[in-house]
1. Find the centroid of the Cα atoms in the stretch B:125-200 and in the stretch A:1-22, then give the distance between the two in whole Å.
2. Starting from 0.36 nm per residue, how many nanometres of slack lie between A:Q138 and A:V3 once their C-alpha separation is accounted for?
3. Among B:F162, A:F166, which comes first, second and so on when ranked by fewest other beta-carbon atoms within 10 Å?
4. Assign one of three labels to chain A, namely rounded, prolate or oblate, based on the Cα gyration tensor with a ≥ b ≥ c the square roots of its eigenvalues; rounded applies when a/c is under 1.5, prolate when it is not and a/b is larger than b/c, and oblate otherwise.
5. Which of the listed residues, B:A77, B:A187, B:P125, is farthest toward the dipole's positive end in the protein assembly as shown, when Lys, Arg count +1 and Asp, Glu count -1 at the beta-carbon?
6. In cubic angstrom, how much convex hull volume per residue do the alpha carbon atoms of the stretch A:88-157 span?
7. Counting only Cα, what are the radius of gyration and maximum Cα-Cα distance Dmax of the stretch B:70-200, in Å?
8. Does anyone have the angle between helix B:3-37 and the longest principal axis of chain B? Alpha-carbon axes, 0 to 90°, nearest 10?
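FYI, it's all coordinate maths here, none of it is from the lab. Here the structure is a predicted model, which is why all the values come from computation and not from measurement. Counting neighbours? That spans all protein chains shown, and the Cβs are built from the backbone with ideal geometry, glycine included.
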Amino acid sequence: MAVLVEFRGVTYQIGGREILHGIDLCVEESETVALLGRSGSGKTTLLKMVNRLVEPTGGEVRFEGKPVTDWDPIRLRRRIGYVIQEGGLFPHATVAENVGLVPKLEGWPKERIRARTMELLDAMGLPAPVYGSRHPRQLSGGEKQRVGIARALAADPPLLLLDEPFAALDPVTRFEMQQRFARLRRSFGKTALFVTHDIREALMLGTRIALLKEGRLEVVAPADEFVQARTPEATAFLATLGEGTLDESHAAG
Amino acid sequence: MLPAEIVRLSAEHLWLVAIAVFAAVVIAAPSAVILTRRARLRRWTLGVVNVVQTVPSLAVFGFLLPLPFLGVGKSTAIVALILYALLPILRNMVVGILGVDAGIRESAVAMGMTGRQILWGVELPLAFPTILAGIRIATVTTIGTATIAAAIGGGGLGTFVFRGIAMADTKTILAGAVPAALMAIAADEALGWIERRFSS
């Protein structure tokens with residue numbers, strides 16, 4: 001399977017302190033890699049290097065076989081969907097306008113944008129006739145998140161980046177969103193790289209898990225092997241799973 | 001002090017204010033956009049504009065008098081009024097643009113919007129209520145400050161005020177002060193209404 005994203009010896013320094021040390025990682029087509037780690041482990045910084053919101057201070061990141069620095073940043077970003085907490089929706093635009101944003105930037109004809117927006121909102125369980133003309137402030141947290149994902153998928157990018165997309169949701173909504181996302185990912189066949197500090201989420205959604213500890217990759221393993229990992233940080237994360245929930249979330253993943 | 005004179009001077013007053021506020025907006029808008037992109041320049045510029053604001057208005061009119069091309073008359077008055085209107089407008093534009101939520105700005109960048117698209121499509125629309133509030137403050141204060149413009153031959157309702165002071169005639173002072181106050185209240189209400197419509 002083709003490699004979509006590749007980190008080669010990526011380092012990142014800020015204020016004389018190195019927060020990422022020589023990261024090597026590949027993301028292959030149609031897999032979902034979870035970047036798992038504590039706050040400050042460098043996982044979000046690593047994610048943001050793919051669409052050049054952050055530039056590495058050493059090493060290189062490649063997307064579709066080409067260093068991201070060789071890409072026109074605008075073209076690169078329009079080929080990569082990006083989802084953050086609460087969706088990062090534009091409060092002054094309607095749901096339909098938010099979802100149709102990248103297609104509009106790409107100059108799609110109006111009718112095609114409308115059709116695509118409707119299709120995605122339907123897929124997210126937010127029928128366009130009801131939700132299309134609402135503003136983000138009229139939505140619940142889970143609905144905002146779904147619009148955020150629809151927006152990221154709009155121009156059919158080969159890759160999705162998600163930065164703790166479900167962290168701000170209540171536990172029940174979060175669980176529903178995770179299940180919905182898992183279904184969607186299968187049906188859309190997207191490659192995804194997502195950041196999380198929640199091992200349940202990583203096991204449930206990730207086909208592989210990359211565990212970061214203080215700027216170093218400690219474990220990179222498929223979800224089913226990850227639960228056997230015995231490194232200190234992996235043990236610490238696995239310990240947050242209560243007995244029983246382990247099997248449950250594992251089965252769902 | 002005929003009603004006709006009150007109307008004429010009110011119109012003149014309004015004209016002074018309108019030109020000054022309009023010019024201040026035209027100067028402030030591109031400056032604000034540049035200042036939001038340069039932190040050091042922003043601190044310096046806002047500092048200088050702040051200092052200008054603290055100089056008593058009558059003194060500013062006085063300082064401008066000896067300058068070439070200005071001298072006694074309307075143009076000096078307008079330049080001084082622009083200087084005063086500039087601060088609230090510029091500051092609110094800068095604050096409004098910088099106040100756009102970091103997550104929203106980041107997703108705009110991440111979706112591949114260009115700097116120009118982000119400015120027009122995201123930053124300015126979201127900063128608009130704040131920008132409008134600055135224009136409102138500037139307009140109301142300029143209506144007041146413009147009465148002093150009469151001291152250097154700027155005309156407007158201040159003409160009555162200074163004439164009344166010279167003649168120790170309260171009625172003449174009021175003929176200038178009352179329309180100016182009403183004008184300020186009307187401007188405040190009208191701009192406040194627009195502001196509410198856009199910030200809902």
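1. So the separation of the two Cα centres works out to 59 Å.
2. Result: 44.6 nm gained on full extension.
3. So the ranking, lowest neighbour count to highest, is B:F162, A:F166.
4. oblate
5. Most positive-ward Cα: B:A77.
6. 77
7. Cα only, the stretch B:70-200: 19.9, 68 Å (Rg, Dmax).
8. 30
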